[in-house]
Amino acid sequence: MARGEILRKLFRSFSHNEREEFLAAAQELIEEEKSKNHTLLARDLEKILHNGNGNGRFKPVSSNLAPWQQFPEPPKDRETGLALVEVKQLDLTWDHVVLSETILDPLNEVVLENRKQDILLAHGLRPKNKVLFCGPPGCGKTQTAKVLSSVLGLPLVYVNLTAVFSSYLGETATNLQKIFTYIQQGEWVVLFDEFDAIARDRNTPNEHGEVKRLVNSLLQLIDTTESSSLFIAATNHENLLDTAVWRRFDEVLLFDRPSNNLRIALLTRYLSAIRYPGVDLAYFATLLESATGADIERICSDATKAVLLRGDVELSADDLEIAIARYLARERIISNSIEAFTP
């Protein structure tokens, strides 16, 4: 078809809000550029069309799907019928997470290698595509995985471990196989949250055979996968992981409790929706030495809501002090409860 006619179809379908016709015309235009050996332009147009930006890499998830059908149907557990994965298309940036340079720098390397994996593969090299996030809860591991998904322009596949575990003997390993088979259908950022649940140390006393078989299956699936997806495993209990698991990852990053400078940055970010003249955030940051990023977000949310609900427009030092006192009281309750039940 002549280029002029393709452009007419493209503009006509856009003006009439005809999504399917627009996508079909856009795909025709891409194919025409390919036929002219305009490979880079065609590839960029595909990225923009299917990922919403020029940062990602497009790979059709299934040849049987129309362009507007984004994802194939997720696999399900045979016993419960629950979906084993949840697929999300996110729109986040690095501004949506506050990280130290010791984490941000290697992550930027991972992003660069995965964006330009074609160059690396041409020289017999593979990008870093297996990353382990460890550290206390509330320090940004899950949020960072979501940001990576957006930055790379790839959908996020969130593995639902609640559905993965089955009461049927051997069915849990089968569910893992289903997940890895599903991943092969496309290119994603794959997040295994609470990873210690399926990668527990096989040498732990009293550990039953089913867990050992599960870890063996997991290691085999990781070793044999040919997917070009980015795999992220996140755990709050890295001490529980099987020793063989660590060697499967290209990068291991510790998400620790934020430093004083990061606490100031977190307070600044989470209070950005309200004015706080005269409030010394640096002072309050020193009171939150044991706080995680999630704790600071909750403190700022509580303080902001208190101001808005009483009809004010400015946050005072007293508002922040009250919210921090509430957080510290909550932490004491949790700590005392844990001590009471610790043998």
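Provide the gained length on full extension for the span THR181 to ASP312, in nm with one decimal, where the gain is 0.36 nm per separating residue minus the Cα-Cα distance.
41.7 nm
With a 1.4 Å probe and all protein chains kept in place, how do LEU320, LEU308, LEU7 rank by accessible area, largest first?
Order by accessible area, largest first: LEU308, LEU7, LEU320.
Given a cut-off of 28 Å, name the pairs among LYS141/LYS178; LYS76/LYS146; LYS146/LYS212; LYS36/LYS116 whose C-alpha atoms lie farther apart than that in the structure shown.
LYS146/LYS212, as the Cα separations exceed 28 Å there.
Treating only the Cβ of Lys, Arg, Asp and Glu as charged (+1, +1, -1, -1), what charge dipole size does the chain show about its Cα centre? Round to the nearest 20 debye.
620
From the protein chains alone at 1.4 Å, what is the descending order of accessible area for LYS305, LYS146, largest first?
Ranked list, largest accessible area first: LYS305, LYS146.
With all pairs of different alpha carbon atoms counted, what Kirkwood hydrodynamic radius in Å does the stretch 254-333 show?
It works out to 12.6 Å.
In what order, largest first, do ILE322, ILE198, ILE264 sit by accessible area if the probe radius is 1.4 Å?
Sorted descending by solvent-accessible area, the residues read ILE322, ILE264, ILE198.
Have a look at GLY140, GLY278, GLY153 and tell me which one the Gaussian network model of the chain (Cα, springs below 10 Å) gives the largest fluctuation.
GLY278
Given 10 Å bins starting at zero, what is the percent of C-alpha pairs of the stretch 156-265 in each, up to the one with the largest pair distance?
13, 44, 30, 10, 3
Translational diffusion coefficient of the stretch 188-331 at 20 °C, 1.002 mPa s, Stokes-Einstein with Kirkwood Rh over Cα pairs, in µm²/s as a whole number.
117
Among ASN175, ASN114, ASN261, determine the one that fluctuates most according to a GNM of the chain built with springs between C-alpha atoms less than 10 Å apart.
For the chain, modelled as a Gaussian network with Cα springs under 10 Å, the answer is ASN261.
Could you please state, rounded to a whole Å, how far the C-alpha centre of the stretch 229-285 is from the C-alpha centre of the stretch 1-21?
Cα centroid of the stretch 229-285 versus Cα centroid of the stretch 1-21: 46 Å apart.
List the equivalent ellipsoid semi-axes of the stretch 98-152 in whole Å, largest first, each obtained as the square root of 5λ for an eigenvalue λ of the Cα gyration tensor.
Largest first, the stretch 98-152 gives 24, 11, 10 Å.
What accessible surface, in Å², does a 1.4 Å probe find on GLU109, ignoring ligands, DNA and RNA and rounding to the nearest 10?
90
Find the Cα radius of gyration of the chain, compare it with 2.2 N^0.38 Å by division, and give the number to two decimals.
1.19
Considering only protein heavy atoms, what is the solvent-accessible area of LEU82 at a probe of 1.4 Å, reported in Å² to the nearest 10?
Number for this one is 80 Å².
Against the 2.2 N^0.38 Å scaling, with N counting residues, where does the stretch 221-299 land? I'd like the Cα-based Rg ratio to two decimal places.
For the stretch 221-299, the normalised Cα radius of gyration is 1.59.
Stretch ASP105-ALA329 to full length: gain in nm at 0.36 nm per residue minus the Cα-Cα span?
77.1 nm
How compact and how long is the stretch 81-214, expressed as Rg and Dmax of its alpha-carbon atoms in Å?
16.7, 48
The values are calculated or read from the model by the stated rules, or taken from the named source; none is laboratory data. From a predicted model like this one, the values you see are computed outputs, not experimental measurements. Cβ atoms come from the backbone with ideal geometry, glycine included; neighbour counts cover every protein chain shown. These area figures cover heavy atoms from the full protein model, side chains too; ligands, DNA and RNA do not enter into them. Shrake-Rupley method; radii C 1.70, N 1.55, O 1.52, S 1.80 Å.
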